[in-house]
Structures are given as C-alpha cells and as structure tokens.
Amino acid sequence: MTNLRVSTGNRKERLVTVEVKICGITDEEAMEAAIEAGVDHVGLVFYPKSPRAVTPEQATELLSYLERPVSRVGLLVDPDDALLDAVVGGVRLDLLQLHGNESPERVEAIRLEYGVPVMKMIPLAGPDDLAAAEAYIGVADRLLFDARPPKTATLPGGNAVSFDWTLLTGRRWPLPWFLAGGLTPANVAEAIRVSGAKAVDVSSGVETAPGRKSPELIRAFIAAARGA
C-alpha cells in the first residue's frame, strides 16, 4: 500500500495508506509489472464486450504469476448466475466488482450466494449521483466511484473519462471506497489530494491502446500514487 503523510493542526503527522488497483490485466508482462511495483489489487474483467475481457481459464493462468499476497478482483457487469457460477467456481477471487446496474437487492443476493465480498460501482457526473451510494451501504463491502460513461460509450468503465473530484471532498461513508475514472500517472496524485481517496483504481490510464497495458505506465502510476 502507499503511505501518505498528512499534516494535522497540531503539526504532527499521521500515515494514510492508499491502496492501488490495476484493473483489466490481460497478459503476463502487465501482471508482473504491477506485482513488482507493489500493487495492492489486480483486476480481471469478465465482461465479454470489453477489450480487457478474459476467460476464467485465462484468469487462472494470469493469477499464477502472483508471487506475494495480492487481492484478486473480478469485474462483472450485470452478470447472470451462469457467468457467476463459471467465474467464482473457476477462479479464486477475493472481491467481486459489480460494474453495471445491479440493484441493492441483486448485490446482496450475490454476496450471500457466493460468499465473496462485493464492491459496487457508483457512476458520478454531478452531486445528485452521490445519493445512489446510500442504498448499497449494508449490502456491499466496498464502493467504487467512477465517471458516468458518455452517452456514446459502449462500456460502463475504462472510458478514460474523469469527474469533478471535489464531489468527494470531505465525504464519509461507513465502508471503504475506491476512486476511479480517467486516472493517469499525471493526475493521480492530485486526484488523491482533492478527493481524499484512500484507494485508487486505474485501467485505461495505464494503456497504450484499449486492453493493452504498458508496464512503464503501470510503474509510473504506482510511483505517482506513492508520491502523492
């Protein structure tokens, strides 16, 4: 995890740990770069329409390169039970990331049925969107705030679009949350400072093309978060 020193009014300092997640890994080189750079979470996408999609078999192969304890996250979009059975039954995951329009009732049902902690994505464009998070408190284990996709987008995430980080400034929820959406090595430090995020998630911001992760950008992103 990333340690940030935050000054307090009495001039003492406290350590704030910022978790880093690289999502949409599809090849060995990217996985090894993330691990070597000290990533906390690796994300694998089980959404067939995504250029970052992998099968349960491919995911298992990629995860075999883990040489130290790292959280394994599986991203799904409005999954049916058949897909959940295949993914959860075939891949050892620590967290399910639900990145579609899953209702609070569906999130709770998945969490109880499969016995894996769940993170729910909340799309943000303006302050009114924040209210949607309240319905998932008590049924999700984590929240992830991502930019609401453009109307022309065909994917619910990975669109290289950010939102106004001040929407999250000073906000508190009784469960951990991630900041995502348009993060890059160039802006992640500022995003952490403005939003107060203790966990950040990147996908397209460390790619040279959709689905093609850059080891150099992965290392730069994690270094930037650490230097925030």
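The values are calculated or read from the model by the stated rules, or taken from the named source; none is laboratory data. What you are looking at is a predicted structure, and each value in this text was computed from that prediction instead of being measured. Virtual Cβ from ideal backbone geometry, glycine too; neighbours counted across all protein chains shown. Accessible surface is based on the protein model in full, side chains and every heavy atom, while ligands, DNA and RNA are left aside. Shrake-Rupley method; radii C 1.70, N 1.55, O 1.52, S 1.80 Å.
A few comments on the model shown:
- On a per residue basis, the chain carries 47 Å² of accessible surface, using protein heavy atoms and a 1.4 Å probe.
- The amide H of Gly38, built 1.01 Å from its N in the peptide plane, has no neighbour under 5 Å, considering only residues 5 or more places off or on other chains.
- Inverse of mean 1/r across different Cα pairs in the chain, Kirkwood, Å: 17.7 Å
- 222 nm mean residue ellipticity, helices alone, for the chain (DSSP H n ≥ 4; -39,500 (n - 2.57); rounded to 500): -7500 deg cm²/dmol
- Sulfur and carbon atoms: percent of accessible area, the chain [1.4 Å]: 50 percent
- DSSP assigns beta bridges within the chain; of those with both partners inside it, close to 20 percent run antiparallel.
- When each of the peptides 132-141, 34-43 is scored by the mean number of other C-beta atoms lying within 10 Å of its residues, the order from highest to lowest reads 34-43, 132-141.
- Per residue, the average separation of C-alpha pairs within less than 8 Å and at least 6 apart gives the chain a relative contact order of 20 percent.
- C-alpha center-to-center spacing [region 82-119, region 157-228] in angstrom: 23 Å
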